[in-house]
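A quick write-up on the structure given underneath.
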Amino acid sequence: AKAGGKATWARFEPRMRNEVVSHARLGSELHNAIIRHELYLRYQPVFDIVTGRIAGAEALVRWRHPVRGNVPPGDFIGVAERSGLIVPLGSWVLREACEQLNAWQAEYGSASIQSINVNVAARQLREAGFVDEVAAVLSDARLMPANLVLEVTESSVLDGRQVRETLQALHEMGVRLALDDFGTGQSSLSLLRAFPVDVLKLDKSFVDGICDGEDRGRLAVAAAVAQLAEYLDLYAVAEGIETAAQMEKLRTMGYRLGQGYHMAEPLLPDEMAAMMAAAARA
Ligand code: C2E
Ligand code: CA
Ligand code: CA
Ligand code: CA
């Protein structure tokens, strides 16, 4: 039995060790990344798809690694969540994004962009000081709580009573809460009663299906989410819009807000500024 156990290890160990080492290495490199300012933000505009105007923008973190080049968030956000580094990383994103919104509003007027969306991980919501941190960041950046939209996922909301209390406190402060990737979870509908949501973000997977005549299921979900938002007095945002046909279809379903490569990819601050300057001249 002992030899068999050893043989099993001999087979699995190299791959397992590689994985553990590379995650640990990525984790320690990420720790340095925060200190060495290798992180930066791109902003994907959220458009009013009826008027074509910019309504807000979602901050999306990027990591310019000195050797690996650009590491996509899909490769390091999970590592950051498991190691706890998401807490300082998320704090940096929150502050940076709020300061950026303040700078844009000062430059182009408060009508040029109304809100900034920041993705928040469950781990951050479990930190005892999170509500106070948000209040301090808003005050330092001279923003109103309604200028900030925190994007949370279904699994974070289901994380427990403490997280729900944190979300309740943020909502009472006037911060808006968005349920990200809406429709992909197991219990999307019952969640709407469990926490004070303001915005539903229809997941891209449903947008992908709406112009496919064969795919009635995804079309039905997209239409139902728009109706649900209307009945519950919530904002509905469609994400991952890649074609004019999708945008048009979503508009007829009642979506007022949308994001996607068809309108704009995640942009550098200068590119966002150019867009707002052009809108201000129009
Ligand atoms: P997400 O929050 O669902 O963000 C949407 C993702 O879809 C972004 O990928 C965005 O660039 C991409 N996207 C937007 N429009 C389109 C489109 O039309 N077509 C396609 N194919 N993709 C589109 P990104 O920037 O790679 O971010 C991936 C995920 O990483 C995010 O998904 C979010 O869960 C996470 N993430 C990014 N930044 C942060 C952050 O600051 N904090 C936390 N906790 N998570 C973050
Ligand atoms: Ca998001
Ligand atoms: Ca999303
Ligand atoms: Ca997603």
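The values are calculated or read from the model by the stated rules, or taken from the named source; none is laboratory data. All values reported here derive from a predicted model rather than from experimental measurement. When we count neighbours, we look across all protein chains shown, and the Cβ atoms used for this are built from the backbone with ideal geometry, even at glycine. Heavy atoms of the whole protein, side chains included, go into the accessibility calculation; ligands, DNA and RNA do not. Shrake-Rupley method; radii C 1.70, N 1.55, O 1.52, S 1.80 Å.
Scanning segment 226-240 for residues that are in a loop (DSSP other than H, G, I, E, B), more than 14 Å from ligand 2 (Cβ to nearest atom) and touching a residue at least 12 places away in the same chain (Cβ under 8 Å) yields a count of 1.
Candidates are the residues of segment 63-74 that are over 27 Å from A135 (Cβ atoms) and within 16 Å of ligand 2 (Cβ to nearest atom); the one that is surrounded by the most Cβ atoms within 10 Å (Cβ to Cβ) is P72.
Does L158 fit the bill of being touching a Ser or Thr at 6+ places or on another chain (Cβ under 8 Å) and open to solvent by 60 Å² or more (accessible area, probe 1.4 Å)?
Numbers: touching a Ser or Thr at 6+ places or on another chain (Cβ under 8 Å): yes; open to solvent by 60 Å² or more (accessible area, probe 1.4 Å): yes.
Yes: the conditions hold for L158.
Within segment 175-195, restricting attention to residues that are surrounded by 15 or more Cβ atoms within 10 Å (Cβ to Cβ) and not in a strand (DSSP E or B), the residue that is nearest to ligand 1 (Cβ to nearest atom) is T184. Checking each residue in segment 210-225 for being over 26 Å from S115 (Cβ atoms) and part of a loop (DSSP other than H, G, I, E, B) picks out C211, D212, G213, E214, D215. Among residues of segment 33-45 that are more than 29 Å from H262 (Cα to Cα), those with a Cβ under 7 angstrom from a residue that is open to solvent by 10 Å² or more (accessible area, probe 1.4 Å) and away from ligand 2 (no atom under 13 Å from the Cβ), sequence gap 6+ or separate chain, pair up as A33/L39; I34/P88; I34/W92. Restricting attention to segment 75-82, does a residue exist that is under 18 Å from the mean Cα position of the chain (by Cα), under 30 Å from L257 (Cβ atoms) and either modelled with pLDDT under 90 or acidic (D, E) (or both)? The answer is yes; a qualifying residue exists.
Yes or no, residue by residue, for (1) within 12 Å of ligand 1 (Cβ to nearest atom); (2) within 13 Å of the chain's Cα centre (by Cα):
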residue: N70; (1), (2): yes, no
residue: L89; (1), (2): yes, no
residue: V120; (1), (2): yes, yes
residue: G129; (1), (2): no, no
residue: M144; (1), (2): no, no
residue: E151; (1), (2): yes, yes
residue: D159; (1), (2): no, no
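Does any residue of segment 203-220 turn out to be crowded, with 18+ Cβ neighbours inside 10 Å, more than 16 Å from ligand 1 (Cβ to nearest atom) and of a type in the set (V, I, T)? The answer is no, given that none of the residues of segment 203-220 is crowded, with 18+ Cβ neighbours inside 10 Å, more than 16 Å from ligand 1 (Cβ to nearest atom) and of a type in the set (V, I, T).
Test L200 against the stated conditions and say whether it is more than 18 Å from L60 (Cβ to Cβ) and within 16 Å of ligand 4 (Cβ to nearest atom). Please lay out each step first, then the result.
Values: more than 18 Å from L60 (Cβ to Cβ): yes; within 16 Å of ligand 4 (Cβ to nearest atom): yes.
When the stated conditions are applied, L200 passes them.
Please specify each residue of segment 208-224 satisfying the condition of being closer than 16 Å to L179 by Cα and either touching a helix residue (DSSP H, G or I) at 6+ places or on another chain (Cβ under 6 Å) or within 13 Å of ligand 3 (Cβ to nearest atom) (or both). So that I can check it myself, show each step before the final result.
Let us first name the residues in segment 208-224 that are closer than 16 Å to L179 by Cα, namely 221-222, 224.
V221, A222 - these are the residues of segment 208-224 that are closer than 16 Å to L179 by Cα and either touching a helix residue (DSSP H, G or I) at 6+ places or on another chain (Cβ under 6 Å) or within 13 Å of ligand 3 (Cβ to nearest atom) (or both).
Annotation note: Cβ proximity below 8 Å between a residue of segment 255-271 that is over 18 Å from L101 (Cα atoms) and a residue that is of a type in the set (F, W, Y) and surrounded by fewer than 21 Cβ atoms within 10 Å (Cβ to Cβ) (sequence gap 6+ or interchain) occurs for R256/Y235; L257/Y235. Within segment 75-95, the set of residues being open to solvent by 30 Å² or more (accessible area, probe 1.4 Å) and either within 16 Å of ligand 2 (Cβ to nearest atom) or within 16 Å of I54 (Cα to Cα) (or both) comprises I77, E81. Of everything in segment 109-125, what is away from ligand 4 (no atom under 16 Å from the Cβ), touching a residue at least 12 places away in the same chain (Cβ under 8 Å) and farther than 13 Å from A169 by Cα? Give them in sequence order. Hits for segment 109-125 are G109, S112, I113, Q114, S115, I116, R123, Q124.
For segment 101-120, give me the residue count where each residue is part of a helix (DSSP H, G or I) and either under 20 Å from D48 (Cβ atoms) or in contact with a strand residue (DSSP E or B) (Cβ under 7 Å, 6 or more places away or on another chain) (or both). Step through it out loud before you land on a result.
Going residue by residue through segment 101-120, those that are part of a helix (DSSP H, G or I) are 101-108.
Next, only the ones that are either under 20 Å from D48 (Cβ atoms) or in contact with a strand residue (DSSP E or B) (Cβ under 7 Å, 6 or more places away or on another chain) (or both) stay: 101, 104-105, 108.
So the answer is 4.
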